[in-house]
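One structure is given below, encoded as structure tokens.
The values are calculated or read from the model by the stated rules, or taken from the named source; none is laboratory data. What you see is a predicted model; the values in this text were computed from it and never measured. Quick reminder, even Gly has a Cβ in these numbers, built from the backbone with ideal geometry, and neighbours come from all protein chains shown.
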Amino acid sequence: MSEERRDRAPLVALVVTLVVSTLLVGAAVLVPLLVEESVDRTLDDVRVYEDLVIKHVEGDVDYEQDPPVGGPHADRWLDCGVYDTQVRPENVVHDLEHGTVLISYRPGTPPADVDALAAVLPDNGILTPWRSQVAPVVVTVWGSQLSLIGADDPRLALFIESFGAGETAPEPFASCAGGLSDPLGGQDGTGLDI
């Protein structure tokens, strides 16, 4: 009987190895799929803000949302593009009024993530760090905002597809060309509202 057991030992070892290997491969394939499915792929978490004041003001504005989603703003807007320092809220709100998409991220975000955000930034978009925001990434258009878990959150593309053309803005489809290039709102561009 012990000789019979010895003869079956390689077969048992092979079967155990195959079962364990199958379980490991299955887990390696299924776990990422389950994690990916657990990320919400809807826009149910978009916060909508209505009745935002539309007027030009001088000086600073104390916005209720951070980053702001609309409201009183400077009479000069910013050029769309990528900024490596935080833009002045009052100027970027003027951009939102024109239909701009604002993508903001917390300072300290890895450069690869900032590059990934820049890669999906639409032509009518501004990408900027935002010191005081809580979420890792926030995407904003006039009156609507979505907090994201990171640069790879699939809802970013969905938000841009759904809101990125400027339809929610008071002055939709206005260009951000001719705005200020100084993120702090300096007077280096034409940027005057017509």
- Message: Taking the conditions exactly as written (within 21 Å of the chain's Cα centre (by Cα) and either basic (K, R) or modelled with pLDDT under 95 (or both)), does R76 satisfy them or not?
- Response: no
- Task: Go through the range 144-162 and give me each residue that's surrounded by 17 or more Cβ atoms within 10 Å (Cβ to Cβ), in contact with a Pro (Cβ under 9 Å, 6 or more places away or on another chain) and touching a residue at least 40 places away in the same chain (Cβ under 8 Å).
- Result: Q145, S147, A151, D153, I160
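To keep it simple, each residue is scored yes or no on (1) touching a residue at least 60 places away in the same chain (Cβ under 8 Å); (2) more than 17 Å from the chain's Cα centre (by Cα); (3) closer than 17 Å to G179 by Cβ.
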| site | (1), (2), (3) |
| --- | --- |
| D44 | no, no, no |
| Y49 | yes, yes, no |
| V53 | no, yes, no |
| E58 | no, yes, no |
| Y83 | yes, no, yes |
| L96 | yes, no, yes |
| T100 | yes, no, yes |
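Suppose the filter is farther than 16 Å from V48 by Cα and of a type outside the set (A, V, I, L, M); does D60 pass it?
For D60, the condition - farther than 16 Å from V48 by Cα and of a type outside the set (A, V, I, L, M) - is met.
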- Message: Every residue in the range 119-151 that is more than 10 Å from the chain's Cα centre (by Cα) and hydrophobic (A, V, I, L, M, F, W, C), please.
- Response: A119, I126, W130, V134, V141, W142
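Go through G99, G178, G125, G185 for me and flag whichever is surrounded by 15 or more Cβ atoms within 10 Å (Cβ to Cβ) and outside the structural domain of I54 (by TED's automatic domain parsing). First the steps, then the outcome.
On the way: G99 fails: outside the structural domain of I54 (by TED's automatic domain parsing); G178 fails: surrounded by 15 or more Cβ atoms within 10 Å (Cβ to Cβ); G125 fails: outside the structural domain of I54 (by TED's automatic domain parsing).
Matching residue, one of G99, G178, G125, G185: G185.
When the range 69-87 is examined, which residues are found to be in contact with a strand residue (DSSP E or B) (Cβ under 8 Å, 6 or more places away or on another chain) and in a loop (DSSP other than H, G, I, E, B)?
Within the range 69-87, V69, P72, A74, D75, W77, D79, C80, Y83, D84, T85, Q86, V87 meet the criteria.
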- Given the conditions (1) in contact with a Phe, Trp or Tyr (Cβ under 7 Å, 6 or more places away or on another chain); (2) farther than 19 Å from V48 by Cα; (3) without any contact (Cβ under 8 Å) to a residue 40 or more places away in the chain, which single one is not true for P89? (2)
- Item | Unmet criterion (only one of (1) under 25 Å from F163 (Cα atoms); (2) at pLDDT below 95; (3) part of a loop (DSSP other than H, G, I, E, B)) for Q65 | (2)
